[in-house]
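Notes to accompany the following structure.
Any read-out appearing in this document is the output of simple, stated calculations on the displayed coordinates, not a laboratory observation. All values reported here derive from a predicted model rather than from experimental measurement. Here the Cβ positions follow ideal geometry from the backbone for every residue, glycine too, while neighbour counts run over all protein chains shown.
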Amino acid sequence: GQQVMQIPQYQHVQEGEDFTTYCNSSTTLSNIQWYKQRPGGHPVFLIQLVKSGEVKKQKRLTFQFGEAKKNSSLHITATQTTDVGTYFCAGRRSGNTGKLIFGQGTTLQVKP
Amino acid sequence: DGGITQSPKYLFRKEGQNVTLSCEQNLNHDAMYWYRQDPGQGLRLIYYSHIVNDFQKGDIAEGYSVSREKKESFPLTVTSAQKNPTAFYLCASSIEKNIQYFGAGTRLSVL
C-alpha cells in the first residue's frame, strides 16, 4: 500500500542549530500537510503544500514540496526550545477518498 | 468556543470488555476520523466518515467499530476482539478532505 516515509525518527540539536526533516512518498501526492505535536499533546496543523516545487515560509520554518510531488521537507532555522515536539508530514494521494497518510514523525529535542 | 472534544482523557479496559471513546465536534465539519498512535509511530487510520450515516474502514479497523448517527458525534468502540488496545486514540474532523483538526486524545490502557 501507499507509504509515507519520514526521516530521521529522532533529532537532538543544540539551541540555535538548524533542523530538517524529510518526507518521501512511494506515489505522487495531490498535496502534503505538516503537523506539530507537542509532548503530551495532539497534532496541530502547520501548513499545506499543493503545487509542484512550492516553498512556503512561516517565520523560522521553511516548507518545500518536491517537483515530482513525491517528497517534502521542513527546515527550522536557529531552533528554539519552543520548537520541541514531533513533526509529522501527511500526504494525500491524487484522486483518492481523501485519506491522509501520515509519516512516522520526527521527534525534535532542543538542548538549551 | 468551537472545537473537538474527546472523552474520557484516560480510560482503562478490563480483558473481554468493550469500551467506547467519545468524540464530539461543534465545527460543523462533515468529515470525522479516528486514529491510533503508538509510541514512536505515526498516526494510523482506524475509521473515517465523510457524511452522516456513512463510514469507511481505515487501515487498522479490525477490533474496532464506529457509528455516525449525528454530524457532531463519531464514537469509537474498542471491542474485546482488539487484543492490543493500549494506545493513544485521536479523533479529528475536517471540512470535506481538507485540514484536519484534532481533539486532545484518549489514552487507553488495559488492566
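Take B:TYR33, B:TYR10 and order them by how many other Cβ atoms sit within 10 Å, fewest up front.
Fewest-to-most Cβ neighbours within 10 Å comes out as B:TYR10, B:TYR33.
With r as the distance between the Cβ atoms of A:GLN14 and B:ILE95 and R0 = 45 Å, compute the FRET efficiency 1/(1 + (r/R0)^6) and round to 0.05.
Values: r = 40 Å, r/R0 = 0.89.
Efficiency computed from Cβ-Cβ geometry: 0.65.
Can you pull out the trypsin sites (Lys or Arg not before Pro) in the range A:12-100 that DSSP calls coil and that have at most 13 other Cβ atoms within 10 Å?
For trypsin sites (Lys or Arg not before Pro) across the range A:12-100 that sit outside H, G, I, E and B with at most 13 neighbouring Cβ atoms in 10 Å, the list reads A:LYS51, A:LYS59.
Distance cut-off 28 Å, Cα to Cα: go down the list A:LYS36/B:LYS83; A:LYS51/A:LYS99; B:LYS9/B:LYS83; A:LYS69/B:LYS83; A:LYS59/B:LYS70 and report the pairs above it.
Too far apart for the 28 Å limit: A:LYS36/B:LYS83; A:LYS69/B:LYS83; A:LYS59/B:LYS70.
Would you please state which residues of the range B:69-85 a label at B:VAL110 would reach in this model, taking the label point 7 Å out along Cα→Cβ and a backbone N cut-off of under 17 Å?
Residues B:77-85 qualify, since their backbone N sits under 17 Å from the label point.
Which order results if B:LEU111, B:LEU27, A:LEU29 are arranged by neighbouring Cβ count within 10 Å, fewest first?
B:LEU111, B:LEU27, A:LEU29
Between B:LYS70 and A:ILE47, what's the calculated FRET efficiency when r is the beta-carbon distance and R0 is 41 Å? Round to 0.05. Mind dumping the intermediate values first?
Numbers: r = 31 Å, r/R0 = 0.76.
Using R0 = 41 Å, I get an efficiency of 0.85.
Taking each residue in A:36-48, count the Cβ atoms of any other chain within 10 Å of its Cβ, then average. What number comes out? Could you put the intermediate results ahead of the total?
Working: counts 0, 5, 0, 0, 4, 3, 13, 10, 2, 7, 1, 1, 2.
Partner Cβ neighbours, averaged per residue: 4.
Take the alpha carbon gyration tensor of the range A:32-112, find the square roots of its eigenvalues, order them as a ≥ b ≥ c, and report rounded if a/c is under 1.5; if not, report prolate when a/b exceeds b/c, else oblate.
On the way: a/c = 2.59, a/b = 1.48, b/c = 1.75.
Because a/c hits 1.5 or more and a/b fails to exceed b/c, the range A:32-112 counts as oblate.
On a full-extension model of 0.36 nm per residue, what is the gain between B:SER7 and B:PHE88, subtracting their alpha-carbon distance, rounded to one decimal in nm?
So the extension gain works out to 27.9 nm.
For peptide B:37-47, what's the mean number of Cβ atoms from other chains within 10 Å of each residue's Cβ?
What the average comes to for B:37-47 is 4.
Note the direction-averaged projected area, equal to a quarter of the hull surface, for the Cα convex hull of chain B, in nm². If you can, show how the numbers build up before the last one.
Numbers: hull surface 26.1 nm².
For chain B, averaging the hull's shadow over all directions gives 6.5 nm².
I want to verify a result. In a Gaussian network model of chain B, Cα cutoff 10 Å, which of these has the top mean-square fluctuation: B:PHE12, B:PHE74, B:PHE55?
B:PHE12
Report, as an integer, the average count of C-beta atoms from other chains found within 10 Å of each Cβ along A:86-92.
What the average comes to for A:86-92 is 2.
What distance in nm lies between label points placed 7 Å from Cα along the C-beta direction at A:SER26 and A:LYS59?
3.7 nm
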